[in-house]
Every structure is written in structure tokens, then in C-alpha cells.
Amino acid sequence: MSEDFVALLDHLKIPKAAFVGWSDGAICALNIAAKHPDRVDRTFAFAANYNPSGVMDITQSTVFMTYINRTVHEYAKLSPAPDQYDEFFQKISTMWTEQPNWTEDFFKTINAQKTWIVDGDHEEAVYRSQQDDMAKWLPDAGQLILPQVSHFAFIQDPRGFNAMVKHFLELEL
């Protein structure tokens, strides 16, 4: 997926962009930051994992399962192929069990001074050790743990989440 983002930047003739990603989007943002550092102004990575072992059993989370149930209805309403949700969900579930597979070396090309590793203190989908490891591997990066929110911070506290994103984007880096 991250190569699709880079192709879109090329198509739109955008040489460099700031990336704000949530969950799989944060993984894409970090992938672009590592593989195309010249295309990245800064990276705000919320709730990313660096390998599948960092993903919790989401079926044990009422919050996450409520989200999954919500996606069933939204997919049916918004997708051009509303009858293909099960196929979509199977593919994304497989992706969660197989990707990404990064090690500490992967992070060496990321401009850490322009990166924040972010999560909620009530995260229910990604083990906190994933955030801590990435912050350790990017010692010049910022690590932010938002209070009183989970994997869905942007829904649970949109004002607080957006204020942090805005602050990050306005920083002189």
C-alpha cells in the first residue's frame, strides 16, 4: 500500500509530504519514511506495530469488536462492492497475521527527528512494547502516549487527538 501512496504523490507532483497514519496507515507511513525518506517531511505514527507478534487478540476487546461490527455496516453502505466484505475482512485479517516484519535495522533510514511514535494508554490492539521498541530504535523521535484513550483515540477524544496532530505538524523541525 505504501508504494501506492508514493505513486499518488508522483501523479499529483507532490515532492514531499507529512504523513499522519493510524494503525495500518501508521505502518504505511513508517514504511514510506524508511524506504522513501526524501519524500517525507514528517511522520506521526499512531498505533503501529512492527511485526505480527505485536498484535493482540482483538476478539477479546469489546471496543475493537464494536469497531469491526461498525465496519460491516459502513462497508455495505460505502463500498462499490458491498457484498464482498467477508473477502475484504479475510484479506486484512491475513495481513495482520503476516505484516509487517521489521527489525531494528529497518528503522535506520527514518529521519527520527521528524517522527513521533504515538499510542493511547488503553491500547487494545497493539502491545505497548511495540511502541517502546520503535521509540528506542529511533532515539531522536518523539514518543507520545495519549491519556484515557485506546486504539481509537481519534474517535474517543477527537479534540485532544487533533490538537496533538496539529501541534506536531506545526513544529519547527
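What follows is calculated from the coordinates using simple rules that are stated; it is not laboratory data. Keep in mind that this is a model prediction, so the values were computed, not measured. Quick reminder, even Gly has a Cβ in these numbers, built from the backbone with ideal geometry, and neighbours come from all protein chains shown.
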- Message: Can you give me the long-range amide H partners of Gly142? Hydrogens built in the peptide plane at 1.01 Å from N, cutoff under 5 Å, separation of 5 or more residues or another chain.
- Response: Thr115, Trp116, Ile117
- Item | Mean ellipticity per residue at 222 nm, deg cm²/dmol - from DSSP H runs of n ≥ 4 across the chain, formula -39500 (n - 2.57) | -14000 deg cm²/dmol
- For His151, the residues 5 or more places away or on another chain with a placed amide H closer than 5 Å to its own amide H are Glu124, Ala125
- Task: Determine which aspartates and glutamates satisfy two conditions relative to Lys13: a Cα distance under 19 Å, and not lying fewer than 8 residues away in the same chain.
- Result: Glu3, Asp4, Asp38, Asp41
- Task: Report, ordered by chain and residue number, the lysines lying within cross-link reach of Lys136, taken as a straight Cα distance under 17 Å and ignoring same-chain residues fewer than 8 apart.
- Result: Lys108, Lys114
- Query: Where the centre of each part is set by its Cα atoms, how far does the range 6-40 sit from the range 98-173, in angstrom?
  - Reply: 16
- Task: Starting from the Cα gyration tensor of the range 28-116, take the square roots of the eigenvalues, sort them a ≥ b ≥ c, and report rounded, prolate or oblate (rounded when a/c is under 1.5, otherwise prolate if a/b is larger than b/c, else oblate).
- Result: prolate
- Where does helix 62-78 land angle-wise versus the long Cα axis of the chain, in degrees 0 to 90, nearest 10? 80
- Springs between alpha-carbon atoms under 10 Å, Gaussian network over the chain: tell me which of Phe64, Phe88, Phe44 tops the mean-square fluctuations. Phe88
- What full-extension length gain, to one decimal in nm, is calculated for Lys166 and Ala18 as 0.36 nm per residue of separation minus the Cα-Cα distance? 52.1 nm
- Task: Would you mind telling me which residue in Gln60, Gln131, Gln143 has the biggest mean-square fluctuation in a Gaussian network model of the chain, where springs connect alpha carbons within a distance under 10 angstrom?
- Result: Gln60
- In debye, nearest 20, what is the charge dipole magnitude of the chain about its Cα centre with +1 on Lys and Arg Cβ and -1 on Asp and Glu Cβ, if you could check? 440
- In sequence order, what are the phi-derived ³J(HN,Hα) couplings for the range 113-126 according to the Karplus relation 6.51 cos²θ - 1.76 cosθ + 1.60 with θ = phi - 60°, rounded to whole Hz, with x for glycine and proline? 5, 10, 10, 10, 9, 10, 7, x, 6, 10, 4, 10, 10, 10
- Say R0 is 25 Å: what FRET efficiency, to the nearest 0.05, do Asp105 and Thr71 get from their beta-carbon distance? 0.15
- Message: Helix 85-98 against the longest principal axis of the chain: what's the angle in degrees, Cα atoms only, rounded to the nearest 10?
- Response: 40
- Message: Among Ser150, Ser23, Ser129, which one shows the highest mean-square fluctuation when the chain is modelled as a Gaussian network with alpha-carbon springs under 10 Å?
- Response: Ser129
